[in-house]
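**Q** Can you read through this structure? Questions will come right after.
The values are calculated or read from the model by the stated rules, or taken from the named source; none is laboratory data. For clarity, every value in this text was computed on a predicted model and none was experimentally measured. Cβ coordinates were reconstructed from backbone atoms using ideal geometry, including for glycine residues, and neighbour counts include every protein chain displayed. In case anyone asks, the SASA skips ligands and DNA or RNA and just uses the protein heavy atoms, side chains included. Shrake-Rupley method; radii C 1.70, N 1.55, O 1.52, S 1.80 Å.
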Amino acid sequence: MAITIGVKKHIARWQRDGLIDETTAERLRKDMDGRGHGLGLGGVLAVLGAVLLGAAIVSLVAANWELMPRLVRLGLIISVIGAGYIGGAWRASLGDRIFSEALYLIAAITFGAGIGLVGQMYHLSGDTTDAALLWVAGTMVAALLLRSKVLTSTSVAITGFYLFASLEPSIPDHWNYIWLVPVLAITCAGLVWWTKAKQARHFIAILLIAYVFVVRFDLDDQAILWIAAVLGAALFLADALRSRATQQLTGWSEAIGGYGFIMLVIALIFFQFDEFSEGVANQVAIGFAILGCSVAGLALSGHRNLAVRWVSYTVFSLEVLYLAFKTIGTLIGTAGFFLTAGILVLLLAAFVVRMERRLLRKNPKKEATA
C-alpha cells in the first residue's frame, strides 16, 4: 500500500511538472487501482499469524499426545486440516484473498505435522525424506484443487526441506533427491502457471541454485561448478543481450538475468576457494575474473536490472577488500591494513557514485519510476 501511495505521489508530481497530461495521469491511477496491491502488510501478518498458529496447534497436540486416545488424536488432526481447507475455500468464495490463504497454510502445516505424529503413533516405517515427499505431494494436490498461491509457495519450501533432509548419509536411497528435486521443481513451476503465484517463481529459482551447489558438495565434482557457471552466464546474457525476446518468451526476463548472474558469481567464488585454486596466485587470478564479471554485469544490464546492479556492487566491493587482504594484508600490520581498507572503501564509494550517475544517464526513465 505504501508503494502505491508513493507512486501516486510521483504521478501527481509528473502532472504538476507538465510531463504528463491529466488524462494520462488518471489512466495511470485507474490502472494501479485495478491491479490491486498484493498481500500487503496485512497479508504478510496474516501469513505470519497462520504459521505461528499452526506451530501452536502442533506443539499443543504433541505435548498432550500420549494423554489422548488414538481416535481422538487422529480425529483432531483431520479436523484441523479439514477446517483449514474448507474454511479457506469458503473465505475464498467470498473474495477474501488474505485469510483464505492463511487458513490453507494452517491446514498444510498441520498436514505435515500430522504425518510425523501418525507415523509415530502407528510405528510406521520410513524416514524424514519419505514424510517430506508425502507432505509436498499432499500440498501440491491441495494447491492444484484450490488454486492457492500460498500453497504453491509452500510446496516449493517443502521441496527445499526435502532437499536438505536428503543429505543425511544414513537415509536409504540417499541419491534419489538428484532426480526428484528437479521433478518437484518442474511440478511447482506448473503450479505457478496454474495458480498465477508469481512470487513462487523466486522461491523456485533460489531452490534450483541451492540444489546445484548442494549436488556439488555431495558429489564433490568440480564439473558441476562449470555447468553452473556456463548456465548462469547463459541466463544472464539472455537477459542482457536479448531482453525483449526473453521477456516475450518467459515474461520474467530481468529475474532470469539476475538469478543467472548470481549463479555465475557463486560458481566463481566456489572456484576461488576450492582445492582447484590453492595458493594466493590462483585465488588472486580468479578474483580478477570475479571483478571482471562484476564490471561486465554493470556494463551490460546494470542500467536496467536492479538485481544485477547491486549484486555487482556487493561482489566487487567484497572482492576488492579480500584481494587487498590476501596480497598486501599479509605484508603490513593491522593498523596498516585498516588504513588501506578505509581508503579502498572510500574509493569504492566514489566508484559507485560515478557508476550510478552513468547508469542514470543510460536509463533515466527506469530510474525515475523506481
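**Q** So how many residues does the stretch 245-303 have that are touching a residue at least 60 places away in the same chain (Cβ under 8 Å) and in a helix (DSSP H, G or I)?
**A** Going through the stretch 245-303 one residue at a time, the tally reaches 4.
**Q** Working only within the stretch 314-355, note down all residues that are modelled with pLDDT of 60 or more and of a type in the set (Val, Ile, Thr).
**A** Selection gives THR314, VAL315, VAL320, THR327, ILE328, THR340, ILE343, VAL345, VAL352, VAL353.
**Q** Within the stretch 19-55, how many residues are loosely packed, with under 13 Cβ neighbours inside 10 Å, among the small types (Gly, Ala, Ser) and either modelled with pLDDT of 75 or more or in a helix (DSSP H, G or I) (or both)?
**A** Qualifying residue count, the stretch 19-55: 2.
**Q** For the stretch 205-228, indicate whether the set of residues that are outside any helix (DSSP H, G or I) and buried (at least 20 other Cβ atoms within 10 Å of the Cβ) is non-empty.
**A** Taking the stretch 205-228 as the starting set, the residues that turn out to be outside any helix (DSSP H, G or I) are 220-222.
Narrowing further to those that are buried (at least 20 other Cβ atoms within 10 Å of the Cβ): none.
No, every residue in the stretch 205-228 fails to be outside any helix (DSSP H, G or I) and buried (at least 20 other Cβ atoms within 10 Å of the Cβ).
**Q** Is it fair to say LEU321 is open to solvent by 50 Å² or more (accessible area, probe 1.4 Å) and in contact (Cβ under 8 Å) with a residue 40 or more places away in the chain? Spell out the reasoning first.
**A** Working: open to solvent by 50 Å² or more (accessible area, probe 1.4 Å): yes; in contact (Cβ under 8 Å) with a residue 40 or more places away in the chain: no.
The answer is no for LEU321.
**Q** Can you find a residue that is at pLDDT below 65, within 27 Å of the chain's Cα centre (by Cα) and within 27 Å of ALA233 (Cα to Cα) anywhere in the stretch 356-364? Full working, then the answer.
**A** If we filter the stretch 356-364 for residues that are at pLDDT below 65, which is where we start, we get 363-364.
With the extra rule that they be within 27 Å of the chain's Cα centre (by Cα), the set shrinks to 363.
Still in the running and within 27 Å of ALA233 (Cα to Cα): 363.
Yes, the conditions are met somewhere in the stretch 356-364.
**Q** Identify all residues within the stretch 289-299 that are out of contact with any Leu (no Cβ under 7 Å at 6 or more places or on another chain) and either on the phi > 0 side of the Ramachandran plot or of a type outside the set (Val, Ile, Thr) (or both); write none if there are none.
**A** Of all residues in the stretch 289-299, those out of contact with any Leu (no Cβ under 7 Å at 6 or more places or on another chain) come to 291-292, 294-299.
Within the stretch 289-299, LEU291, GLY292, SER294, ALA296, GLY297, LEU298, ALA299 qualify.
**Q** Checking the conditions here, which among VAL214, VAL183, VAL192 is touching a Leu at 6+ places or on another chain (Cβ under 9 Å) and of a type in the set (Val, Ile, Thr)? Please lay out each step first, then the result.
**A** On the way: VAL183 fails: touching a Leu at 6+ places or on another chain (Cβ under 9 Å); VAL192 fails: touching a Leu at 6+ places or on another chain (Cβ under 9 Å).
VAL214 is the lone residue from the list that is touching a Leu at 6+ places or on another chain (Cβ under 9 Å) and of a type in the set (Val, Ile, Thr).
**Q** Would it be correct to say that LEU264 is in contact with a Cys (Cβ under 9 Å, 6 or more places away or on another chain) and closer than 26 Å to ASN305 by Cβ? Show your work before the answer.
**A** Numbers: in contact with a Cys (Cβ under 9 Å, 6 or more places away or on another chain): yes; closer than 26 Å to ASN305 by Cβ: yes.
Spelling it out, LEU264 is indeed in contact with a Cys (Cβ under 9 Å, 6 or more places away or on another chain) and closer than 26 Å to ASN305 by Cβ.
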